[in-house]
Amino acid sequence: MNKTKFPGIFEEKIRGKTQLYTENLVPGNKVYGEELIKAGKTEYRSWDPTRSKLAAAILKGIKETGLRNGSKVLYLGAASGTTASHVSDIVGKEGFVYALDFAYRVVRDLYFVALKRENMAPMLFDASFPDSYSHIVDKVDVVYMDIAQRNQLEIFLKNIRMYLKKGGTGLLFLKARSIDVSKNPRQIYAEVKKELEKHIKVVEWKELDPYEKDHCVFVVKK
Amino acid sequence: MYYFEDIDNFYVLDEKLNIVEKIKASSKEELIKKYRPKKLEEEWQFEKVLEKISPKNLKQIREFCIKDTKKKLQQGVTQDMLIIQTINNIEELDKTINLHAKRLREWFSYYLPELIFEVEDNNALVLNILQNSKEQLMKKFKIQETVGSKLEPKDIDEMKKLAELIIKSFELKDTHLKYLESVMKSACPNLLELAGPSISGKLIAQAGSLKALAEFPSSTLQLLGAEKALFRHLRKHTRPPKYGIILNHPVVAQAKEKGKAARALASILSIAAKVDYFKGEFIAQKLKKDLERKLK
C-alpha cells in the first residue's frame, strides 16, 4: 500500500492498474459492499472510480482536491453516502462532512452511514436554498457538489458565496446532459467554465471518461 | 436590524452586521419584540455573520442533524409514494404471472396438452386446472382423446400448487387495484376519476411523485412513458413521439386522430394533477366536459 500525493488517499498497483483506497474511519465496517484490506495495522477501504466521481477525478489526474486531515466539507448531493464515506475517511476524526441531499430514499441510507461516523452529519435539505441551513452549516474548507440539475452552476455559486472560506476549494461535478441533453458536452463545459470564471478562479477541469460518460469536474478556489 | 439563528442561539445584528444582542433560541420572542429585526437577504451577509460566529460545536450540530433528519424521514412518506410502490408491484406481478403461466403450460401439457391450446387466457386456464378433473376438462372443452400421458396424482398435485400461486398473484393484483382506488380517492381524486387507478398510478410513478406530475407542462405528461423515443428525437432528430402511457386511455386508444386526442387528454390530466396536488376541489366532471368540447 502506497501513499499518493493526496493526503488520506492510498493506492496499490494491481496488474498495471491503479486501485485507490482510503483509511477506514470505522474499522470492520463496510458502507456499500466495498473490499476491506489490511496493510500492517491499518484497515483500508477499496474505492471504485465507476461508483465515485471523486475517485474518477483523481485517477484522471487532477492536481488537488483541497481535502486533507481536518478539513470541513459541505457535500451537496451526498445521496446514499458512498463517496461521502470516503471523504469522511480522508478528513479523519478532526474533520467534518455536512452530507446533504434532498430525496427521502437516499437520505434514509445516508442517515445510517452517518450514524456510524462521528465526523458526518446527515442533512435533508434543498441545496437551492442555502439560507435554509444557515443555522447548521459553519464555514467550510471545501464545497463538494454532485447534483444533477439544470441550474447546478447557480446552486454551486450560491453555496460557495455563503459557506466557503477564503482560500477554500470548490469541487463541481458537472453532468452535461442535465444542462442540455442535445448539446455537445465539450461545448457545455466551455460555457460553464466561462461563466465560472466571472465569479471565481478556475484552477483546473477534467473530463471523467471512461469512468463517467459526459461528466467533468471543475476545481475552483475562492 | 437583522437577525440570525443557529441551533441554540438567536442573534440580533446591526446594519454593519455586528452582534448587538444574543439570546437562547427558546427565548427569541423577547428580542424579536424589542428590535423587530429583518431576515438576512444577501449571500455575502450570511458569509460575514458566519465568520463572526464560527467555529460551531460540531458534536452538537451532528446530534441536531441526526434528530432533525430522523424527524423529516419519519414525516417523509407521502401517499403518492405508497401509490408508486403498489403500481410497480402490479407491473411486476404481470411479469411473474406470465412467467409462471408459461411454466405451468409447459408442465401441464405433459398431462393434457389439448387444454393448453384451447385456453389462451392465463386466468381462465389456471381456474380450469384447479377446479376440474381431467375427465371434466375433456368434456367441457370437447376433447375426444388426448396425446397426454397418464400421471400420478402427486404429479398433478404439484402442478396445481403452481396454479394456486398464479391465482394468488391474480388476486393480489385485484386487491392492489382496489387499494389504489381507495388511496387515490384522497390523494388524487380528479386523476382517479378521469384516468382510473392504473393509468393515473403509472403516470405518477413515471413522473416520480404527484408533485412532479403537477409541475410538468401537459406536453411532458403527454409523453410520459415514451422517454426512449423522446430522447432519440432530441438527440438524433427522428420524428417525435405523440403519446406514452396515455395511449392506453380509452379516449386516445379509440380515437381516429390519436395525436390530437393525446394532446387534449394530457392538458386535462395536467390540470387534474395540479388541482389534486394543491388540494383543490373535485372538478373532474367539469374537466370531462372540457375534454369532450376539445375533441369535437
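Throughout, read-outs are computed from the coordinates displayed, never taken from laboratory work. Nothing here was measured: the structure is a model prediction, and the numbers come from that model. Neighbour counts are summed over all protein chains in view; Cβ atoms, including those assigned to glycine, are modelled from backbone coordinates with ideal geometry.
Below are the figures for this structure:
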| read-out | value |
| --- | --- |
| Top of A:Val113, A:Val26, A:Val97 by mean-square fluctuation, Gaussian network on chain A, Cα under 10 Å | A:Val26 |
| Choice from A:Lys53, A:Lys13, A:Lys193 showing the highest fluctuation, given a GNM over chain A with Cα pairs closer than 10 Å | A:Lys13 |
| Partner chain coverage, peptide A:136-146 - average Cβ within 10 angstrom | 3 |
| Global form of segment A:126-171, assessed from the alpha-carbon gyration tensor, a/c cut-off 1.5 | oblate |
| Cα shape, segment B:185-296, gyration tensor, a/c 1.5 rule | oblate |
| Label point distance in nm, B:Ser186-A:Val106, each placed 7 Å from Cα along Cα→Cβ | 3.1 |
| In segment B:212-285, chymotrypsin sites (Phe, Trp or Tyr not before Pro) in a DSSP loop with at most 16 other beta-carbon atoms within 10 Å | B:Phe278, B:Phe282 |
| Part-to-part distance (alpha-carbon centres) for segment A:185-219 and segment A:88-153, which is given in Å | 22 |
| Peptide B:60-72 - average C-beta neighbours from other chains (10 Å radius) | 6 |
| Kirkwood-based Rg to Rh ratio, chain B, C-alpha trace | 1.21 |
| Exceeding the 28 Å Cα-Cα cut-off - candidates A:Lys30/A:Lys53; B:Lys173/B:Lys211; A:Lys60/A:Lys198; A:Lys201/B:Lys48; A:Lys116/B:Lys39; A:Lys175/A:Lys221 | A:Lys116/B:Lys39 |
| Longest exposed-site-free window of chain B, the sites being GluC sites (Glu not before Pro) in a DSSP loop that have at most 10 other C-beta atoms within 10 Å | B:146-280 |
| Alpha-carbon centroids, segment B:10-32 and segment B:186-225: separation in whole Å | 46 |
| Convex hull of Cα atoms in segment A:22-149, direction-averaged projection (nm²) | 8.1 |
| Trypsin sites (Lys or Arg not before Pro) within segment B:99-175: DSSP coil, no more than 14 neighbouring Cβ in 10 Å | B:Lys142, B:Lys150 |
| Choice from A:Ala78, A:Ala99, A:Ala121 showing the highest fluctuation, given a GNM over chain A with Cα pairs closer than 10 Å | A:Ala121 |
| With Cα atoms, 0 to 90° folded angle of helix B:58-74 axis to chain B main axis | 40 |
| Karplus (6.51, -1.76, 1.60) ³J(HN,Hα), θ = phi - 60°, over segment A:85-99, in Hz, Gly and Pro reported as x | 5, 6, 4, 4, 4, 5, 7, x, 5, 7, x, 7, 10, 7, 9 |
| √(5λ) per eigenvalue of the Cα gyration tensor, the protein assembly as shown, largest first, Å | 53, 32, 24 |
